[in-house]
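Heads up: the structure comes next, in structure tokens.
The values are calculated or read from the model by the stated rules, or taken from the named source; none is laboratory data. This structure is a prediction, so every number in the text was calculated from the model and none was measured. Note that we place each Cβ from the backbone using ideal geometry, even for glycine, and neighbour counts take in every protein chain shown.
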Amino acid sequence: MSGPLRLTVDKASPVPLYHQVAQGLEDAIRSGELPPGTKLDNEIDLANRLNLSRPTMRKAMDQLVQAGLLVRKRGVGTQVVGSQVRRSLELTSLHDDLQRTGGKPATEVRDLARLPAGDEIAALLGVQPGEEVYHVVRLRTTDGEPLALMENWVPCSICELSREQLAQDGLYSIMRAQGVGFQLAHQRVGAVGADAFQAEQLGVEPGAALVAMSRTAMDDLGRPVETGRHVYRADKYSFEFTLVQR
């Protein structure tokens, strides 16, 4: 590691020791104290420094590997991958969420075209097949790293879109500025393997796991105003859910 890591554990705490270690390392990664690429000391040395058993330290490291914050590389050791973008399931745009959490989002517009809606898109947007819709493909990066490949369709009758706007602002912000009021959305989250185009755009290997999200948003009158299919790098992105008892 580059420099001493300020990490302590409280053996009198009811919180399991492995979780204290994992939380301390996670905090150091998310704060930038351990930047991406940092090589950690081996588990024996870390365990000795904290006067812990090796199984306790291994369990802590395993937790962070599973969370996508650390990676074990043969012949190299354990390295910091980086902090994931954690996004709650709310009716917000990725661009706005990244800005709100201190990220530096940038957008490359891969395609913007006015096309006749096919049957599937027309059904999702509640328009007639053949009605003109915008087809938008964007690559979203944060802090210079590819994060998401986003494909959206918007009825041309709802608003006007331009490459310049889409490169500067989130889609929802552009639409809100033109009087579209978002009320609710139907959303599905899953996982897919990256195809050749997605892999090239996101800087991953073909077949790599991606977080997939499809969404159709409605305005305050209940009209569908946007539908989209997005894929995100699974090592840099996750959704957060809040569950309640019924």
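Checking Gln187, Gln168, Gln183 one by one, the residue that is surrounded by fewer than 16 Cβ atoms within 10 Å (Cβ to Cβ), in contact with a Lys or Arg (Cβ under 6 Å, 6 or more places away or on another chain) and outside the structural domain of Val71 (by TED's automatic domain parsing) is Gln187 and no other. Scan region 133-166 for residues that are among the aromatic types (Phe, Trp, Tyr) and either within 19 Å of Val211 (Cα to Cα) or in a helix (DSSP H, G or I) (or both) and jot them down. Once the filter is applied, which keeps residues that are among the aromatic types (Phe, Trp, Tyr) and either within 19 Å of Val211 (Cα to Cα) or in a helix (DSSP H, G or I) (or both), region 133-166 yields nothing. So which residues in region 104-119 are touching a residue at least 40 places away in the same chain (Cβ under 8 Å) and closer than 10 Å to His135 by Cβ? Listed by number, the residues that qualify are Leu112, Arg114.
For region 171-196, taking the residues that are in contact (Cβ under 8 Å) with a residue 40 or more places away in the chain and part of a helix (DSSP H, G or I), the one that is nearest to Thr107 (Cα to Cα) is identified as Leu171. Would you be able to say whether some residue in region 124-141 is surrounded by 15 or more Cβ atoms within 10 Å (Cβ to Cβ), in contact with a helix residue (DSSP H, G or I) (Cβ under 7 Å, 6 or more places away or on another chain), assigned by TED's automatic domain parsing to the domain that holds Ala199 and in contact (Cβ under 8 Å) with a residue 60 or more places away in the chain? Taking every residue of region 124-141 in turn, at least one turns out to be surrounded by 15 or more Cβ atoms within 10 Å (Cβ to Cβ), in contact with a helix residue (DSSP H, G or I) (Cβ under 7 Å, 6 or more places away or on another chain), assigned by TED's automatic domain parsing to the domain that holds Ala199 and in contact (Cβ under 8 Å) with a residue 60 or more places away in the chain.
Of all residues in region 195-206, none satisfies being of a type in the set (Phe, Trp, Tyr) and touching a helix residue (DSSP H, G or I) at 6+ places or on another chain (Cβ under 8 Å).
This table checks each residue for (1) modelled with pLDDT under 75; (2) part of a loop (DSSP other than H, G, I, E, B); (3) β-branched (Val, Ile, Thr).
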{"residue": "Pro55", "(1), (2), (3)": "no, no, no"}
{"residue": "Ala60", "(1), (2), (3)": "no, no, no"}
{"residue": "Leu64", "(1), (2), (3)": "no, no, no"}
{"residue": "Gly75", "(1), (2), (3)": "yes, yes, no"}
{"residue": "Arg86", "(1), (2), (3)": "yes, no, no"}
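Taking region 189-246 as the range and being under 18 Å from the mean Cα position of the chain (by Cα), at pLDDT 85 or above and aromatic (Phe, Trp, Tyr) as the test, only Tyr232 passes. When you go through (1) within 27 Å of Gly68 (Cβ to Cβ); (2) assigned to a loop (DSSP other than H, G, I, E, B) one by one for Arg229, which number turns out not to apply? Arg229 satisfies every listed condition except (2).
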